[in-house]
Amino acid sequence: MRKSVFLKHIEQLEEKDLRDELMTLYDKVQGVSKYYAMELGSDKDREKYFAGIKKQIKSKYATKSMRKPRRPRIQKINKILSEVAKTVLFDYEMIDIYLFNAEEAVNFMIIYNFFSTPVFNSILNSYVKALDLIASNRMEERYEASCQSILLLARIDRALYTNMKSHFDKIYG
């Protein structure tokens, strides 16, 4: 169905019918209920939602064996990040999530001495996206300390540190 047909349909409905239609969408479509939970929910609800997302990301880096660690589930992490990016109302809410992902990945590299291209790319992409959002929302002062701490952790890999430092210097340089 095209948008114009949908708009005609909406214009023909009365207010009560529109409310019924919205309730049906809210009950049947998960994206609609998530959107309204973010839109109408309190700050506490949002914090709870983001804490759950951080827990999901952390679980994708979890492994039981120190000798032979399980590879982190980077594709699943990227899927989580893209889904969350679609549901947030304000783009600056993603800064904490991106920085958390970068920090978890760097810690995984340090703890398990695990170096791979997907982990490298995940760290760099999350860090760069966070820095871009920080710059576009003018939140440099608020996130400088956490960006620096992740940058210091990344010194374990010279190429990663160099790339991250160049992006960091563009904003904080």
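The values are calculated or read from the model by the stated rules, or taken from the named source; none is laboratory data. Computed from a prediction, not measured in an experiment: that's the story for all the values here. A quick note on method: Cβ atoms are made from the backbone with ideal geometry, for glycine too, and the neighbour counts reach across all protein chains shown.
Brief remarks follow.
- Count of the stretch 63-93 residues which are over 20 Å from L124 (Cα atoms) and part of a loop (DSSP other than H, G, I, E, B): 11
- Qualifying positions in the stretch 81-95 - of a type in the set (S, T, Y) and modelled with pLDDT of 90 or more: S82
- Which listed residue, of Y98, Y35, is surrounded by 12 or more Cβ atoms within 10 Å (Cβ to Cβ), of a type in the set (S, T, Y) and at pLDDT below 85: Y35
- Within the stretch 1-38, the residues that satisfy the criterion of being closer than 30 Å to Y92 by Cβ and either aliphatic (A, V, I, L, M) or in the same structural domain as A85 (by TED's automatic domain parsing) (or both) are L22, L25, V29, V32, A37, M38.
- The stretch 106-160, residues that are in a loop (DSSP other than H, G, I, E, B), closer than 22 Å to K60 by Cα and not acidic (D, E): N113, F114, F115, S116
- The stretch 82-102 residues that are free of Cβ contacts under 8 Å to residues at least 12 places away in the same chain, paired with ones that are not in a helix (DSSP H, G or I) (beta carbon under 9 Å, 6 or more apart): F90/N137
- Y112 being among the hydroxyl-bearing types (S, T, Y) and either in contact (Cβ under 8 Å) with a residue 40 or more places away in the chain or more than 27 Å from I171 (Cβ to Cβ) (or both): yes
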